Amino acid sequence: MQALKSGHAFKVTFFGTRGSRPVVGNSVLKYGGDTSCVLISTADGFIVFDAGSGLCKLSEYVGVPQELSLVLSHAHVDHLLGLPSLSLMRHKDCKVKVYGRTRGGLTPRMQIDALMSPPLWPVSTDSFSPQTEYHCYEDKPFQAGGGLVEPVEGNHPNGCTIFRVTAGGKRLVYCTDFEHNTEDSARLAQFAAGCDLLIYDGQFTDEEYSKYMGWGHSTMEEGGSIGKA
């Protein structure tokens, strides 16, 4: 799969949309059972948001690009567990740029090192290509995969970043693992104002949410309200 032709803004491919853990079964065939991973293809490259189990499908879609930007919203395991199995991390012809935020005193590299350290995983990050780069975005906008990426913190235990991507004159907002409330929802609506696509955490229905308040997730109904706002 090549990057988009000039004149096109971006194409969005969902490889994983589940929270907490991957699941299998007939009931999840329509949307799949993998955890968070979304590919943004621009005219000048690729941006991948999160490294959930859906990341394992990436190589068959993009082949071996010269460069790939992998942007992590946070360090919870369901958003990282596809990373150790991504073959592109070890390919000599592909430069993978990993963007993350320092959390709990750990840089993005340290977070991934912890995930892939004995006895949790038998192969360390030393197996990755020497071209692999690690970047801390913190609160600053950065260029990645042919787009301008602007980060802002959301509302989730241990922290989680919301991203606004601008490419080809279009704008997308990626908001996963976000719990709504009056203040944060208004802030998100302002951050996403005028965007062409809002990707939002709709893990619970309104009925379910009453049992899981404080877990750091939102509802489909609230997503619709924020979208209208």
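The values are calculated or read from the model by the stated rules, or taken from the named source; none is laboratory data. Source: prediction; values computed, not measured. Note that we place each Cβ from the backbone using ideal geometry, even for glycine, and neighbour counts take in every protein chain shown. These area figures cover heavy atoms from the full protein model, side chains too; ligands, DNA and RNA do not enter into them. Shrake-Rupley method; radii C 1.70, N 1.55, O 1.52, S 1.80 Å.
Observations on the model:
- Neighbourhood charge, 13 Å Cβ-Cβ cut-off, centred on residue 36 and excluding it, Lys, Arg +1 and Asp, Glu -1: -2
- For the peptides 148-156, 103-111, residues were scored by their other Cβ atoms within 10 Å and the scores averaged per peptide; the highest-first order is 148-156, 103-111.
- The residues packed around residue 100, meaning those with a beta-carbon under 10 Å from its beta-carbon, carry a net charge of +2 if Lys and Arg are +1 and Asp and Glu are -1.
- Accessible surface, the range 25-152, averaged per residue in Å² (probe 1.4 Å): 44
- Accessible carbon and sulfur surface of the range 1-142 relative to its total accessible area, %, 1.4 Å: 54
- Length gained when the stretch residue 67-residue 93 is fully extended (0.36 nm per residue, less Cα-Cα span): 8.5 nm
- Dipole moment magnitude, nearest 20 debye, the range 87-152 about Cα centre, only Lys, Arg, Asp, Glu C-beta charged: 80
- Value at 222 nm in deg cm²/dmol, rounded to 500, when DSSP H runs of n ≥ 4 in the chain each add -39,500 (n - 2.57): -4000 deg cm²/dmol
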